[in-house]
Amino acid sequence: MTPKSRAEAETNTQLEARQKALKLREMLKHKRPDFVRQESWRYKRIKENWRRPRGIDSKMRRKIKGWPKCPEAGYRGPKAARGLHPSGYEEVLVYNADDLDKIDPETQAARIAHTVGIKKRMEITAKAISKGIKILNPKEAELEIKEEEVPEEKVEEVEAETPEVREKKEKEEEKEKPKKKRKRTTKRKKKEATKKSKESGEEKG
């Protein structure tokens, strides 16, 4: 076997081991209980975020039967899958296009840092596509580009509108507006109103 073929065989075995570990991690995740803070179910002011119980008489600390479980080393996932993205790739933070040269496309994936601007994001995505590197957060870049494009289009539309077109639009909007319904006065309300008017006339007389 040549050294090149050996390296390929090793990478294949590593990838297979990773996939197995990821499946195992998913299975264990469903079995793992929710680690809840002590007395969080009793008091509204206490959140469910995990905090280690430290009390002398704490039943959770003493691991008494019937009380919620505490985190232990036995609940950990497989070592091969630790720190991996659910897709199976190892995450690498990228700040510019040059950082992509350090990434191995078979085992690693790029995550563009949130401080990177739109111009650099475009450069990074273009280079990543050419190199066959997966980007874990491509939607964020697309959304930012769309947000910038929308206001420019609106400005062009406003400039193109003539005063005649504006008048037509305003008339159409007025027609579309729902007409205010008149309040119907019931017989009972009419009687009450007549009574009040009579009483006020008598008081004046």
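The values are calculated or read from the model by the stated rules, or taken from the named source; none is laboratory data. Bear in mind the structure is a predicted one, so any value in this text is a computation, not a measurement. In this analysis, Cβ positions are derived from the backbone assuming ideal geometry, glycine residues included, and neighbour counts consider all displayed protein chains.
Annotations
- Residue in region 78-87 that is touching a residue at least 24 places away in the same chain (Cβ under 8 Å), over 18 Å from ASN137 (Cα atoms) and among the small types (Gly, Ala, Ser) present: yes
- Test: residue in region 10-25 that is on the phi < 0 side of the Ramachandran plot, of a type in the set (Lys, Arg) and assigned to a loop (DSSP other than H, G, I, E, B): no
- If you go through region 53-84 and keep only what is touching a strand residue (DSSP E or B) at 6+ places or on another chain (Cβ under 9 Å) and not hydrophobic (A, V, I, L, M, F, W, C), you end up with just GLY83.
- Checked against the criterion of being surrounded by 11 or more Cβ atoms within 10 Å (Cβ to Cβ), aliphatic (A, V, I, L, M), in contact (Cβ under 8 Å) with a residue 12 or more places away in the chain and in contact with a strand residue (DSSP E or B) (Cβ under 7 Å, 6 or more places away or on another chain), the candidates LEU28, LEU100 yield just one match: LEU100.
- Enumeration of residues in region 99-121 that are within 24 Å of the chain's Cα centre (by Cα) and either under 20 Å from GLN14 (Cα atoms) or among the hydroxyl-bearing types (Ser, Thr, Tyr) (or both): GLN108, ALA109, ALA110, THR115
- Restricting region 85-140 to residues that are of a type in the set (Asp, Glu) and not in a loop (DSSP other than H, G, I, E, B), the residue that is modelled with the lowest pLDDT: GLU140
- Among the residues listed as PRO3, PRO33, the single one being farther than 27 Å from ASN137 by Cβ, surrounded by fewer than 11 Cβ atoms within 10 Å (Cβ to Cβ) and within 27 Å of the chain's Cα centre (by Cα): PRO33
- Filtered by the rule that a residue be in a loop (DSSP other than H, G, I, E, B) and over 29 Å from ALA109 (Cα atoms), region 70-84 gives CYS70, PRO71, GLU72.
- Search result, residues across region 42-77 that are free of Cβ contacts under 8 Å to residues at least 24 places away in the same chain, surrounded by 10 or more Cβ atoms within 10 Å (Cβ to Cβ) and under 27 Å from the mean Cα position of the chain (by Cα): ILE46, LYS47, GLU48, TRP50, ARG51, ARG76
- Test: residue in region 26-46 that is of a type in the set (Lys, Arg), outside any loop (DSSP other than H, G, I, E, B) and either modelled with pLDDT of 95 or more or over 24 Å from ILE133 (Cβ atoms) (or both): yes
- Some residue of region 53-69 being closer than 24 Å to LYS29 by Cα, at pLDDT below 90 and assigned to a loop (DSSP other than H, G, I, E, B): no
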